[in-house]
Structures are given as structure tokens and as C-alpha cells.
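Enquirer: Before I ask anything, let me first share the structure, which is written out below as C-alpha cells.
The values are calculated or read from the model by the stated rules, or taken from the named source; none is laboratory data. All figures in this text were calculated on a predicted structure; none of them were measured in a lab. We place every Cβ from the backbone using ideal geometry, glycine too, and count neighbours over all the protein chains shown. Keep in mind that these areas ignore ligands, DNA and RNA; they rest on the heavy atoms of the full protein, side chains included. Shrake-Rupley method; radii C 1.70, N 1.55, O 1.52, S 1.80 Å.
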Amino acid sequence: MDDRASAAKPNRPRLSLHVPEPPARPGQEPDFSHIMVPEAGATRCPDIAEPESALRDLPYGLVRVLDEAGRAVGPWDPRLDPDTLRAGLRTILKTRLFDDRMFRAHRQGKTSFYMKSLGEEAIGAAQALALEAGDMNFPSYRMLSWLMARGYPLLDLCNQIFSNERDPLRGRQLPILYSARDYGFYSLSGNVGSRFGHAVGWAMASAYKHDDAIAVGHVGDGTTAEGDFHEALTFASVYKAPVILCVENNQWAISSFSGIAGAGATTFAAKALAYGIPGLRVDGNDFLAVYAATLWAADRARANFGPTLIEFFTYRAAGHSTSDDPTRYRPEDEASKWPLGDPLERLKQHLIALGEWSDERHEALTSELTAEIKAAVKHAEAIGTLGVSKPNPREMFEDVFAEPDWRILEQRREAGV
């Protein structure tokens, strides 16, 4: 039958399967010519009360505030005071210095695993400062800067990363999967797809209780290809959940480039259109743009206008984790060619342009933070590093359920602890 069908339509072209490929592979020149970067300040800033039907151009734009000279321009300028800008700079720098220290600790065998936030630090830093203390973040891997902005103790971070007997999570999580409810940081999960569902559910509960706290959830670009993403957006839209749903489009999901998740067909912000949710596309390396977009979405949520989907357009400059070698799947110097620059340098130049910072002050802050991190690491190392000291094994059976399940009791008896 197939032969007859083919013979009857000799001019029909044969089908071919499209498999996306990144613009450049190792050994080739980095190529970002397909990325259109609009002028800073060019994207309009609508009123939060505008209906979604009037906002459908925004997912195809790019909210930018900082221009090439380090000036804040355009309608999205949040007009932050110098103290807030310096707090953001301090947070980004502290995160970067801590990441470098922990990466070296992994190479020295002091921890089993680590993931750096390099290039994406502005997102967590700006959101932690823009949102309120009672709000809850359902983070992805690269949100350490949120904890840094909110003053989470460095010693607790080090103890968990070293998996020692003072690990605040008592060995129940991987080294970088933090949990800090008092800091608005919900338990991190290796199953990143769960983030949006949890954030939407938490936000719905807050609305059901007539509370005033909102939720923010984070996934990577690769996670948008999973069913959890679409289920969460459906619930958020139907129930107008007070939630900010953020896609960190850092161009790479481990070794798969963003095109495999659909970046070649449309923007990730535009996926909001099918659900009747406003979508914003934001320069994730621009601290001021991240702050302004987060505040806009938070104001909408608090006014009962419902959820917002934000795509933070950024670049993962480091490997996916200490287990990853990015030179095997992308050009070695690709990060240095990213057209939206480095969030740390851009915020620093903005403060210098305002006359509120200098290279000398930056060097002094670097020395201060390096000493603070060094002291915390030294303290944690004295307690123990990987394999040197461990939480008591009996604690893995505790705090699992409010009332111990019989199976937990049996397993603990068999373990003899």
C-alpha cells in the first residue's frame, strides 16, 4: 500500500526531521549573531492593571535599564537609592567569591559536589532585595545570591557543603540543595520541574488564607519542556495565583542548548500567552532590570491581578556543576562573548558612573569579603570536611513525618541506631 501511495504522488517531497544545533561547537568561533539586543530603555512599562490581552508584545521584547555607559535609562528604571545598589553589588561579589572558594574546595576533595552561579548572580540578588520578608522563593540551583542577600550564615553553608556533623540539614540533602524557611528559601530540589508546582500551590494557599505573602518560583530553560511546567501554568492562570514564575534562560541545560527546549521557535516568555498570563522577557545580567520586573510582577500579584511569567535572558558562564566540562560541547571562550556582559561589572560601572563607587572601594570590599569567607571556611574545616565528620546516622530517621511511621521505626531498628 505504501508503494502505491508513493507512486501516486511522485512530486511530493520526502519528509525530514529537524534536529536543532547550537550556533557553534568546540573549536568554532562563538556566534551570538542570532540574538537581537534592543537599546536599553526601549521596552515600554505598562500599568500593572492592564489586561493580558494588551501586553502581548512584551514577551518578544527585552526589558533593559543599564545602557552601555552604565546609566539607568527608560521607563523600567526602578530609581534605586545608592545603599540598595551597593547591597546588590556586595551580594553579587560575595556569591562569586564564595563560589570560587567552594569550587577549589571540591578540587581538594573537601566536598562531593558543587554548582556555581557565575553570570547569573544578579537574579537572586535583585529578587531577594525587591521582595518582602514573608514571601517564599522556590529556587533552582543558581539562587545562592538570594541567601547571600538575606544574610544566611556562611558557616551553615560551609557545613552543609562539607557534609560534616554540623550540616544544618543533617545529611538529608546534596551539598548545594539548601533549605532556609526563615530566609524565604524553600527546600531546593534536584527535581527542578517541581519548583513551579510548589510555588503555585503555596501562592494559592496564601490567597485562600487571605494572607499578603506571594511566591516566586524558578526553573531553567530545559525544564520548560517538561509537563510540570505546563500544569503549573494552568493552575496559576485558572486560580490567578499570586506568584511570579521565572525561567532562567541561561542558554544551556547541562550539555543541551536551549534550542532543544524550543528556543528556536519562540521566546520562553511567550509561552505565557497560551495561558492568558502576562509574559516579560528581561535582561538577567542587568540588576536594575531584574529588580524592576520583579517589583512590577509582585505589585500585580499583591493586587490580585494574578501570576506573571518572566524569562530572565542570561548566560551560564561556568559548567553546569563540578561534574561537567563545558569545553566538550561549546566554544571555550563563548562566555566572554556573551552580548549582555557580566552582571557584576555592569552594576559596578553604574555605581561608579553615579559617583557612588570606585575601584579602590571595590578592592577593599573584595578583601573584606574574602576574609569573611576564609574565616567561615576555616571554622567549618575545623568541624570536618567530606568523610571526616558526619551527622549521626540515626538522624536520617528523625523529622521525616510528624508522627514516626512504622516503616521508619523498623528501618531504624534494623540499622541499629
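Enquirer: With the structure loaded, tell me whether residue 170 is of a type in the set (Lys, Arg), assigned to a loop (DSSP other than H, G, I, E, B) and within 30 Å of residue 391 (Cβ to Cβ) or whether it fails that test.
Expert: Here the answer is yes, as residue 170 does meet what is asked.
Enquirer: For residue 307, which of the numbered conditions (1) at pLDDT 95 or above; (2) closer than 24 Å to residue 341 by Cβ fails to hold?
Expert: (2)
Enquirer: May I ask you to list the residues in segment 236-279 that are under 15 Å from the mean Cα position of the chain (by Cα), in a loop (DSSP other than H, G, I, E, B) and of a type outside the set (Phe, Trp, Tyr)?
Expert: If the condition is that a residue be under 15 Å from the mean Cα position of the chain (by Cα), in a loop (DSSP other than H, G, I, E, B) and of a type outside the set (Phe, Trp, Tyr), then 250, 251, 254 are the ones that fit.
Enquirer: Could I ask something else about it? Filter segment 160-174 down to residues that are touching a residue at least 24 places away in the same chain (Cβ under 8 Å) and among the hydrophobic types (A, V, I, L, M, F, W, C) and give me whichever is farthest from residue 377 (Cα to Cα).
Expert: 174
Enquirer: Let me ask something else. Please tell me if residue 123 is at negative phi, open to solvent by less than 10 Å² (accessible area, probe 1.4 Å) and touching a strand residue (DSSP E or B) at 6+ places or on another chain (Cβ under 8 Å).
Expert: Against the criterion (at negative phi, open to solvent by less than 10 Å² (accessible area, probe 1.4 Å) and touching a strand residue (DSSP E or B) at 6+ places or on another chain (Cβ under 8 Å)), residue 123 qualifies.
Enquirer: Would a scan of segment 276-285 turn up a residue that is modelled with pLDDT of 95 or more and surrounded by fewer than 18 Cβ atoms within 10 Å (Cβ to Cβ)?
Expert: The answer is yes; a qualifying residue exists.
Enquirer: Continuing with this model, one more query. Consider residue 317 against the criteria (1) of a type in the set (A, V, I, L, M); (2) open to solvent by less than 10 Å² (accessible area, probe 1.4 Å); (3) farther than 20 Å from residue 76 by Cα: it satisfies all of them except one. Which criterion is unmet?
Expert: Answer for residue 317: the failing condition is (2).
Enquirer: In the set 147, 89, which member is free of Cβ contacts under 8 Å to residues at least 40 places away in the same chain, out of contact with any Ser or Thr (no Cβ under 7 Å at 6 or more places or on another chain), open to solvent by less than 10 Å² (accessible area, probe 1.4 Å) and closer than 26 Å to residue 349 by Cβ?
Expert: Only one candidate qualifies: 147.
Enquirer: Tell me, yes or no, whether segment 378-390 has at least one residue that is over 26 Å from residue 114 (Cβ atoms) and without any contact (Cβ under 8 Å) to a residue 40 or more places away in the chain.
Expert: no
Enquirer: Out of the residues in segment 161-209 that are over 22 Å from residue 401 (Cα atoms) and polar (S, T, N, Q), state the one that is farthest from the chain's Cα centre (by Cα).
Expert: 164
Enquirer: Let me ask something else. Give all pairs with beta carbons closer than 6 Å in which a residue from segment 254-276 that is closer than 25 Å to residue 319 by Cβ meets a residue that is at pLDDT 95 or above and hydroxyl-bearing (Ser, Thr, Tyr); count only pairs at least 6 apart in sequence or on separate chains.
Expert: 255/329; 261/224; 268/224
Enquirer: Does residue 380 qualify as being part of a helix (DSSP H, G or I) and touching a helix residue (DSSP H, G or I) at 6+ places or on another chain (Cβ under 7 Å)?
Expert: yes
Enquirer: Residue pairs, Cβ under 8 Å, 6 or more apart or interchain, first in segment 40-58 and within 17 Å of residue 310 (Cα to Cα) and in contact (Cβ under 8 Å) with a residue 24 or more places away in the chain, second surrounded by 11 or more Cβ atoms within 10 Å (Cβ to Cβ) and of a type in the set (S, T, N, Q). List them.
Expert: So the pair list comes out as 58/43.
Enquirer: How many residues does segment 41-86 contain that are in a loop (DSSP other than H, G, I, E, B), of a type in the set (Gly, Ala, Ser) and open to solvent by 30 Å² or more (accessible area, probe 1.4 Å)?
Expert: 4
Enquirer: Now a separate question. Can we say residue 3 is at pLDDT 95 or above and surrounded by fewer than 20 Cβ atoms within 10 Å (Cβ to Cβ)?
Expert: For residue 3, the condition - at pLDDT 95 or above and surrounded by fewer than 20 Cβ atoms within 10 Å (Cβ to Cβ) - is not met.
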